[in-house]
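Take a look at the structure below.
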Amino acid sequence: MNKVFIACDFNSREQLTAFLAKFPPQPLALKLGMELIYAIGFEIISELKQQGHTIFLDLKLNDIPITVEKALTALKHYQVDFVTIHLTSGQKTLQLAHRIVQNTNIKLLGVTVLTSLDNMDVQEMFLSSTLTTNELVKNLAKMAANNCFYGVICAPSEVTVIKQHFPNLKTVTPGIQLTSDQTDQKRVATPLTAKKLGADYLVVGRAITMAVDPVAAYQEILTIFTKGAEI
Ligand code: C5P
């Protein structure tokens with residue numbers, strides 16, 4: 001599979017179908033999140049799997065152990081490839097989550113700190129004037145490593161510290177922008193910077209879905225990320 005996930009943040013089947021129809025037939029890595037799944041339902045997963053796409057189901061589970069256990073048990077039916085769980089769900093939930101997917105093809109990705117947050121946001125949340133996103137991400141990544149997660153979702157700027165302390169964890173990085181466009185994302189980087197920092201996978205939404213030519217934007221990002229150089 002290729003390592004650039006397209007965030008399919010659409011709210012109708014028509015929009016998703018029209019977007020995918022622009023691409024020549026090829027297996028893509030698709031990230032389906034709450035916006036799409038809540039709008040059109042889970043059956044789309046099986047359809048996209050049948051078309052050969054890799055499915056990253058980004059539901060960001062965050063609940064008590066038994067609820068996450070039952071949610072993951074239900075999700076096994078859909079043969080998704082990647083699922084996200086907030087690492088702040090706590091040790092017991094993460095442990096149980098790992099046990100449920102152990103003999104399946106589902107890879108667990110732990111959400112560290114959302115890329116729409118910065119140091120000021122985490123300091124406000126955790127009543128600390130010194131805490132940094134970097135420290136919090138590192139600490140949460142440790143919980144992912146301790147529970148045999150496949151990887152974590154983090155900003156490109158946190159890849160180095162994660163690789164240094166938890167070399168077995170894969171890093172999946174959203175917050176990818178081609179230009180200095182202002183979005184709701186705060187911890188951002190270009191595809192080339194993410195590659196140079198050692199990110200294993202990219203998650204890219206609007207830089208592809210809102211591009212004038214989405215296929216060209218995707219190909220450009222894929223080439224940059226695969227070759228590690230501007231084209
Ligand atoms: O459009 P953009 O590239 O900013 O979209 C990023 C995607 O990655 C969205 O679907 C968002 O839900 C997801 N995501 C994120 N930050 C995280 C985890 C997931 O932006 N920490």
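The values are calculated or read from the model by the stated rules, or taken from the named source; none is laboratory data. This one's a predicted model, so the numbers in the text were calculated from it and none came from an experiment. Cβ placement follows ideal geometry from the backbone for every residue including glycine, while neighbour counts extend to all protein chains displayed. With ligands, DNA and RNA removed, areas are computed over all heavy atoms of the protein, side chains included. Shrake-Rupley method; radii C 1.70, N 1.55, O 1.52, S 1.80 Å.
With Cα atoms as the point set, the stretch 4-227 shows a radius of gyration and Dmax of 17.1, 51 Å. Averaged per residue, the chain has 49 square angstrom of accessible surface, using a 1.4 angstrom probe with ligands and nucleic acids left out. Full extension of the chain between I64 and A39 gives 6.5 nm of extra length, using 0.36 nm per residue less the Cα-Cα distance.
Entry note, the chain: the mean residue ellipticity at 222 nm calculated from DSSP H runs of n ≥ 4, each adding -39500 (n - 2.57), is -12000 deg cm²/dmol after division by the residues and rounding to the nearest 500. Couplings 3J(HN,Hα) for the stretch 157-167, derived from phi with the Karplus relation 6.51 cos²θ - 1.76 cosθ + 1.60 (θ = phi - 60°), are 5, 9, 4, 4, 5, 5, 4, 5, 9, 10, x Hz, where x marks Gly and Pro. Residue pairs exceeding 24 angstrom between C-alpha atoms, taken from K49/K76; K170/K227; K163/K227; K3/K196; K70/K195: K70/K195.
Summing Cβ point charges (Lys, Arg +1; Asp, Glu -1) relative to the Cα centre of the chain gives a dipole of roughly 740 debye.
Here the chain is scanned for trypsin sites (Lys or Arg not before Pro) in DSSP loops (not H, G, I, E, B) that have at most 16 other Cβ atoms within 10 Å, and the longest stretch holding none of them is 23-185.
For the chain, the fraction of 1.4 Å probe accessible surface lying on carbon and sulfur atoms is 53 percent.
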